[in-house]
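A.B. asks: Below is one structure. I have some questions about it.
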Amino acid sequence: MSQLLVKGGNRLTGEVTVQGAKNSVLPILAATLLAGGQVELRNCPRLRDVEASIHILEALGCAARWTDSGLLVDTGGLNGCVISDILMREMRSSAIFLGAILARCGQAELSYPGGCELGPRPIDLHLAGLRELGAEIDDTGGLLRCEAPRLRGREIVLSLPSVGATENLMLAACGAEGVTILSNAAREPEIVDLQEFLNACGAEVSGAGTDSVAIVGGRRLHGCTFTIMPDRIVAATYLCAAASAGGEIFLRNAGERHLATVTAALREAGCAVTADSGGIACACRRRLKAVRPVRTAPYPGFPTDAQAVLMAALLRSRGATVFEENMFSSRYRHVGELTRMGAEIRVSGRVAVVTGVETLYGAPVCCTDLRGGAALCVAALAAEGETRVSQTAHIDRGYEDIARDLTALGAEIRRIETTPIET
Ligand code: EPZ
């Protein structure tokens with residue numbers, strides 16, 4: 001077990017390169033099953049969720065190993081189509097493998113992915129779309145038994161722009177006969193990255209980034225070398241860290257285009273945010289101001305994954321900010337921990353009101369989920385004294401090494417190993 005010790009009060013200064021995107025590499029790792037050969041993924045982040053995906057690929061008979069330039073995956077040896085309950089529980093988003101396994105094998109068996117810290121994580125849209133492509137799915141008894149001897153392309157209209165459903169159906173459609181059109185598709189940048197990866201493998205996918213994605217099925221795919229896009233939520237996290245602690249930082253390899261709603265909120269709060277082809281600079285020289293209501297929404301709206309870290313940055317702002325979390329039913333679990341540090345936050349259903357305080361105090365706090373854990377670190381940078389953050393495994397799912405990166409930006413943060421009794 002490990003904990004993070006954060007000594008607050010330092011203004012941040014320095015620069016750091018933003019890691020590859022978790023929410024891009026996870027669907028791409030599933031997509032490697034379609035390549036049926038060797039794929040080299042550069043800028044692949046070393047995350048717990050990536051390791052969980054590697055465990056799934058290896059359980060399916062594939063090979064994966066880290067090299068100096070990234071992750072080398074070879075799915076030529078695929079010899080199974082079952083993902084065990086243990087592997088499914090290791091990572092909730094493992095459902096993303098379903099479409100790729102069906103496209104490659106014509107059948108699949110997964111245990112039903114459970115909920116997670118953010119609340120129930122249904123996959124009804126994934127299953128409805130796969131059934132429309134011709135898959136027969138028995139979803140009783142906690143298992144998903146899927147048969148798809150022939151997938152046929154067609155138009156599928158998603159009732160909501162689900163990121164995972166869009167990705168899963170893109171992968172399944174690569175194995176379908178004919179053309180599939182996904183309407184009301186999610187528009188996240190990570191979906192564009194998935195499209196670019198598939199096309200690098202010889203697929204014919206277009207429209208990603210808009211609400212209509214077209215996939216020409218039945219093409220024989222091959223391996224490729226592909227560079228994973230930078231992680232926009234990690235970039236948002238570090239921008240919020242600078243806003244929280246004050247100072248001036250530069251994020252290499254970060255693009256503002258994918259973060260416009262976050263940088264707009266930080267500018268409104270009083271940060272000077274500038275971007276060029278090399279990255280994003282953020283300078284925060286005075287106490288922040290509260291901002292207009294922050295409503296999370298599908299891309300290009302404000303990203304739900306940045307809600308917690310922006311909230312943490314505004315805890316000492318002048319005034320009150322209203323947050324409205326519209327994407328997940330339980331995404332304020334970090335509020336209780338922030339309150340232990342002296343934050344003033346009132347939650348009622350989907351709405352949280354943050355009233356800025358003069359001072360935050362270091363305290364022992366516990367990560368409740370991935371982005372909530374990152375928010376605790378962001379708040380700790382502005383707190384008086386030391387904050388001890390436990391259950392850091394949540395953070396390690398999505399951040400390669402948050403202590404390394406924040407230290408590079410001038411923070412006093414270090415990881416310590418603890419025995420279960422100490423944790
Ligand atoms: C992806 O989750 C991301 N995860 C999440 O990031 C992100 O918060 C989310 O998209 C929204 O942007 C990965 O990419 C691995 P959705 P996903 O399907 O695909 C409901 C992080 O912190 N829904 O767009 O699960 C669902 O319950 C993680 O990096 C259905 O009802 O998100 C949710 O309320 C957290 N039925 C909403 O749609 C379905 O079949 C959005 O979910 C699917 C989704």
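The values are calculated or read from the model by the stated rules, or taken from the named source; none is laboratory data. Treat the numbers as computed from the prediction; the structure is a model and nothing was measured. In this analysis, Cβ positions are derived from the backbone assuming ideal geometry, glycine residues included, and neighbour counts consider all displayed protein chains. Surface areas here come from the heavy atoms of the whole protein model, side chains and all, with no ligands, DNA or RNA. Shrake-Rupley method; radii C 1.70, N 1.55, O 1.52, S 1.80 Å.
A.B. asks: Please list, in chain and number order, the residues 5+ apart from PHE302 or on another chain whose amide H is under 5 Å from its amide H, with Hs placed from the backbone.
C.D. replies: Under 5 Å from the amide H of PHE302: ALA297.
A.B. asks: Further question on the same structure: Among DSSP bridges having both ends in region 22-227, what percentage is antiparallel? Round to the nearest 5.
C.D. replies: On the way: 27 of 37 bridges.
In region 22-227, approximately 75 percent of DSSP beta bridges are antiparallel ones.
A.B. asks: Quick one: pull the percent of accessible area on region 22-227 belonging to carbon and sulfur, 1.4 Å probe, ligands and nucleic acids left out.
C.D. replies: Working: 3680 of 7800 Å².
Its accessible area is 47 percent carbon and sulfur atoms.
A.B. asks: Still on this structure: Please list the non-local residues whose amide H lies under 5 Å from the amide H of LEU144, H modeled 1.01 Å from N, same-chain partners needing a gap of 5 or more.
C.D. replies: Amide H neighbours of LEU144: LEU110, SER111, TYR112.
A.B. asks: Same structure again: At a probe radius of 1.4 Å, what is the per-residue accessible area of ASP124, in Å² to the nearest 10?
C.D. replies: Roll a 1.4 Å probe over it and ASP124 shows about 90 Å².
A.B. asks: Which angle between 0 and 90 degrees, to the nearest 10, do you get for helix 22-35 versus the longest principal axis of the chain when only C-alpha atoms count?
C.D. replies: 10 degrees
A.B. asks: Could you work out the relative contact order of the chain? I mean the mean sequence separation of Cα pairs under 8 Å and 6+ apart, divided by the number of residues, in percent. Don't skip to the answer; put the middle values down first.
C.D. replies: Working: 1063 pairs, mean separation 91.1, N = 423.
Relative contact order for the chain comes out at 22 percent.
A.B. asks: Over region 22-227, calculate the relative contact order: mean separation of alpha carbon pairs under 8 Å at least 6 apart, over the residue count, as a percent. Write out the running numbers ahead of the final one.
C.D. replies: On the way: 459 pairs, mean separation 43.3, N = 206.
After rounding, I find 21 percent.
A.B. asks: Spelling out what I want: for every residue of region 395-411, take phi, set θ = phi - 60°, compute 6.51 cos²θ - 1.76 cosθ + 1.60 (Karplus), and round to whole Hz; glycine and proline get x.
C.D. replies: The phi angles translate into 5, 5, 5, x, 10, 4, 6, 5, 5, 4, 5, 5, 5, 4, 9, x, 7 Hz.
A.B. asks: Calculate one ³J(HN,Hα) per residue across region 58-67 by plugging θ = phi - 60° into the Karplus curve 6.51 cos²θ - 1.76 cosθ + 1.60, and present them in order as whole Hz with x for glycine and proline.
C.D. replies: Ordered by residue, 3J(HN,Hα) equals 5, 5, 8, x, 8, 10, 8, 8, 7, 10 Hz.
A.B. asks: Any chance you could look up the accessible area of MET327 with a 1.4 Å probe, heavy atoms only, rounded to 10 Å²?
C.D. replies: 70 Å²
A.B. asks: How large, in Å, is region 273-394 by the Kirkwood hydrodynamic radius built from its alpha-carbon pairs? Write down the numbers at each step before the final one.
C.D. replies: Values: mean 1/r = 0.0676 Å⁻¹.
Hydrodynamic radius (Kirkwood, Cα only) of region 273-394 equals 14.8 Å.
A.B. asks: A follow-up question, please. Compare the Cα positions of VAL157, LEU182, GLY202 along the charge dipole of region 124-264 (+1 at Cβ of Lys, Arg; -1 at Cβ of Asp, Glu; about the Cα centre) and return the one farthest towards the positive end.
C.D. replies: Highest projection toward the positive end goes to GLY202.
A.B. asks: Further question on the same structure: What percent do you get for the relative contact order of region 45-160 when only Cα pairs under 8 Å and 6+ apart count? Each step should come with its number before you reach the end.
C.D. replies: On the way: 154 pairs, mean separation 21.8, N = 116.
19 percent.
A.B. asks: I'd like the accessible area for CYS367: 1.4 Å probe, protein heavy atoms, all chains in place, Å² to the nearest 10.
C.D. replies: 10 Å²
A.B. asks: Taking all pairs of different Cα atoms in the chain, averaging 1/r and flipping that mean, what Kirkwood radius in angstroms comes out?
C.D. replies: Radius from the Kirkwood sum: 21.9 Å.
A.B. asks: Heavy atoms only, 1.4 Å probe, whole protein assembly: order TYR112, TYR361, TYR238 by accessible area, highest first. Present the calculation step by step, with values, prior to reporting the outcome.
C.D. replies: Working: TYR112 75, TYR361 125, TYR238 0 Å².
Listed by decreasing accessible area, they come as TYR361, TYR112, TYR238.
A.B. asks: Tell me what the chain gives for mean residue ellipticity at 222 nm when only DSSP H runs of n ≥ 4 count, each as -39,500 (n - 2.57), the sum divided by the residue total, rounded to 500 deg cm²/dmol. Present the calculation step by step, with values, prior to reporting the outcome.
C.D. replies: Values: 14 runs with 134 residues, N = 423.
It lands at -9000 deg cm²/dmol.
A.B. asks: Restricted to Cα positions, what overall size does region 22-227 have along the principal axes? Three whole-Å values, descending.
C.D. replies: 42, 36, 32
A.B. asks: Enumerate the amide H contacts of GLY217 below 5 Å, restricted to partners 5 or more residues apart or on another chain; note that Pro and chain-start residues carry no placed amide H.
C.D. replies: Under 5 Å from the amide H of GLY217 lie the amide H atoms of GLY178, VAL179, THR180, each far enough along the sequence or on another chain.
A.B. asks: Sort ARG371, ARG92, ARG350 by heavy-atom solvent-accessible area, probe 1.4 angstrom, most to least.
C.D. replies: In descending accessible area the options line up as ARG350, ARG92, ARG371.
A.B. asks: OK, next. Karplus couplings for region 290-298 from phi (6.51 cos²θ - 1.76 cosθ + 1.60, θ = phi - 60°), rounded to Hz, Gly and Pro as x?
C.D. replies: Once rounded to whole Hz, the list reads 5, 10, 4, x, 9, 10, 6, 7, x.
A.B. asks: Let me ask you something else. So if we plug the beta-carbon distance of LEU143 and GLU344 into 1/(1 + (r/R0)^6) with R0 = 51 Å, what FRET efficiency do we get, rounded to 0.05? Present the calculation step by step, with values, prior to reporting the outcome.
C.D. replies: On the way: r = 46 Å, r/R0 = 0.90.
Once rounded, the FRET efficiency stands at 0.65.
A.B. asks: What does DSSP give for the chain in terms of the percent of beta bridges that are antiparallel, rounded to the nearest 5?
C.D. replies: Working: 59 of 84 bridges.
If we restrict to bridges inside the chain, about 70 percent are antiparallel.
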